[in-house]
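Structure, as structure tokens:
Where a number appears in this text, it was derived from the coordinates with a stated rule and is not lab data. Here the structure is a predicted model, which is why all the values come from computation and not from measurement. Virtual Cβ from ideal backbone geometry, glycine too; neighbours counted across all protein chains shown.
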DNA sequence: CATCGGACCTGTTAGC
DNA sequence: TGCTAACAGGTCCGAT
């Protein structure tokens, strides 16, 4: 379900409920999600205290003294803290029991999410190849410029490449490109310094704004309290195929780019 | 190496 | 109204 703002919103909701809690037990209702769930999750976690709830890219990390649980929500994952008595649904795959009598429950109908284990002091291979965090100073117009040299792929595809910058999914890529006035199909390598700068700023502003609003861009997003977002962030292009540009009134154009629906304003966004 | 297409799943929605 | 097909917030992997 999430892009980075939704994952960060989930993290902020979970942290105060989980940090300092001791894990009383782990229940797996199936052996795998996207990948097999490592035995360490069941063997090592019980009895551990959750030190911190962190985020790297779209992964949530529950750090304990024995190691860290890495959680990815995939397309449809939701993590919530619920009363132990709350009824178990068809797609409630994992429960982590807490010493306050509640349970951290992972729900994921499509099972594109995953739950992995990272031993102390190790960096999980899935995290090793990730690019900079978009909201950090490690990501900038300059790093985007460098990363895009010699790349024939479209700038939208490049923006969604987690080795270039993490956390930018289909919605926010489209919106950032609109804000920066860049057509999604533009070959990444053709962008100059200035447009890279504008684009990096747009990414930061849009993601930051979505986080401030509680990651509410996705229509069926549920935060850590199980409450829906209020769909607050205004979308200029995503999901508006065939409609008129909110800025100039031109009819928006669409195509599939890298297997993903892509919409842009032919007037506001230049190649 | 970069790039592309297919794959993984189920639920919802658009279209006939 | 009911059925079917297309599509959905992600990312990995193998082939080219």
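Determine, for each peptide in A:125-131, A:11-17, A:175-181, A:43-49, the mean count of other beta carbons within 10 angstrom over its residues, then list the peptides with the highest first.
On the way: A:125-131: 13.1, A:11-17: 18.3, A:175-181: 23.1, A:43-49: 15.9.
Top to bottom by mean Cβ count within 10 Å: A:175-181, A:11-17, A:43-49, A:125-131.
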- Query: If you rank A:63, A:72, A:124 by fewest surrounding Cβ atoms within 10 Å, what's the result?
  - Reply: A:124, A:63, A:72
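Let me make sure I get this right: for region A:4-128, a, b and c are the square roots of the gyration tensor eigenvalues over alpha carbons, sorted descending. Under 1.5 in a/c it's rounded, otherwise prolate if a/b > b/c, else oblate. Which is it? List each step's numbers first, then the result.
Details: a/c = 1.22, a/b = 1.05, b/c = 1.16.
Cα axes put region A:4-128 in the rounded bin.
Given the -39500 (n - 2.57) contribution per DSSP H run of 4+ residues, what per-residue ellipticity at 222 nm results for chain A, rounded to the nearest 500 deg cm²/dmol? Walk me through the numbers on the way to the answer.
Details: 7 runs with 69 residues, N = 271.
Calculated from helices alone, the mean residue ellipticity at 222 nm is -7500 deg cm²/dmol.
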- Ranked A:149, A:80, criterion: other C-beta atoms within 10 Å, fewest first: A:149, A:80
- Calculated FRET efficiency, residue A:128 and residue A:213, Cβ-Cβ r, R0 35 Å, to nearest 0.05? 0.65
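Please give the FRET efficiency for residue A:99 paired with residue A:34, using the beta carbon to beta carbon distance and R0 = 22 Å, rounded to the nearest 0.05. Intermediate results must be reported in sequence, preceding the final value.
Numbers: r = 29 Å, r/R0 = 1.33.
Between residue A:99 and residue A:34 the formula returns 0.15.
Taking the number of other C-beta atoms within 10 Å as the exposure measure, put A:6, A:253 in order starting with the fewest. Show your work: numbers first, answer last.
Numbers: A:6 28, A:253 19.
Exposure proxy ranking, most exposed first: A:253, A:6.
Using R₀ = 25 Å, calculate the FRET efficiency as 1/(1 + (r/R₀)^6) where r is the Cβ-Cβ separation of residue A:193 and residue A:162; round to 0.05. Intermediate values should be presented prior to the final figure.
On the way: r = 23 Å, r/R0 = 0.93.
For residue A:193 and residue A:162, the calculated efficiency is 0.60.
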- Tell me the label-point distance for the pair residue A:256, residue A:88, using the 7 Å Cα-to-Cβ offset, in nm and rounded to one decimal. 3.8
- Message: Tell me the angle of helix A:4-18 to the major Cα principal axis of chain A, expressed in degrees between 0 and 90 and rounded to the nearest ten.
- Response: 20
